[in-house]
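Right, one structure below, let's go through it.
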Amino acid sequence: MSNLEQTLSIIKPDAVERNLDLEIKQMFKNNGFVIIKEKKIQIEKSEAEKFYKVHETKPFYNDLCSYLSSGPIVVMILEKKNAVLANRELMGATNPKDAIEGTIRKKFGLSIDKNSVHGSDSLENAKLEIDFFFKD
Ligand code: UDP
Ligand code: MG
């Protein structure tokens with residue numbers, strides 16, 4: 001099938017800590033995503049710094065990297081037609097306050113930093129992010 005894409009999704013510490021991972025995974029499946037690979041891990045702050053390097057000049061970078069490495073996360077490869085955009089739509093806006101009804105961040109996000117999920121923002125970054133977590 002053309003446009004069949006893979007994207008990287010992370011269920012962030014705030015959601016794993018509240019035991020929302022099964023419910024969030026079910027939302028992906030209900031929306032036609034296939035979970036190709038998944039693992040529950042905790043990363044070092046230095047790894048979070050590499051993962052979020054694109055944000056290194058932002059004022060929130062240090063807190064963001066501390067946060068992502070603060071507890072267990074669930075990292076997944078999601079597959080679907082146009083998966084990158086479809087996942088961004090299902091996630092909702094970065095700030096849960098701006099996220100629309102039916103999105104993961106509207107339902108579960110606590111704040112702009114504790115917003116429950118990460119998703120790749122382009123096909124190119126999806127490939128890089130999948131490699132980052134799943135290249136053996
Ligand atoms: N973030 C934050 N403060 C901000 C903007 C972003 O803490 O003002 C965090 C938030 O967790 C977000 C992540 O940094 O998910 C990456 O930011 P990005 O703009 O890439 O948002 P996303 O792609 O996750 O929607
Ligand atoms: Mg982003």
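The values are calculated or read from the model by the stated rules, or taken from the named source; none is laboratory data. Small disclaimer: the values here were computed from a predicted structure and weren't measured. Here the Cβ is made from the backbone with ideal geometry for all residues, glycine too, and neighbour counts use every protein chain on show.
The table below lists the values:
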{"read-out": "Selected residue (only one of VAL74, VAL54 is of a type outside the set (S, T, N, Q), more than 10 Å from ligand 1 (Cβ to nearest atom) and either buried (at least 16 other Cβ atoms within 10 Å of the Cβ) or assigned to a helix (DSSP H, G or I) (or both))", "value": "VAL74"}
{"read-out": "Test: residue in region 16-28 that is touching a strand residue (DSSP E or B) at 6+ places or on another chain (Cβ under 7 Å), modelled with pLDDT of 95 or more and more than 17 Å from ILE77 (Cβ to Cβ)", "value": "yes"}
{"read-out": "Residues of region 2-51 satisfying the condition of being within 16 Å of ligand 2 (Cβ to nearest atom) and in a strand (DSSP E or B)", "value": "THR7, LEU8, SER9, ILE10, ILE11"}
{"read-out": "Sole residue being surrounded by fewer than 12 Cβ atoms within 10 Å (Cβ to Cβ) and over 18 Å from LEU123 (Cα atoms), chosen from ASN19, ASN31", "value": "ASN19"}
{"read-out": "Filtered residues of region 81-125 (kept if farther than 21 Å from GLN26 by Cα and either assigned to a loop (DSSP other than H, G, I, E, B) or within 15 Å of ligand 2 (Cβ to nearest atom) (or both))", "value": "ASN95, ASP98, SER111, ILE112, ASP113, ASP121, SER122, LEU123, GLU124, ASN125"}
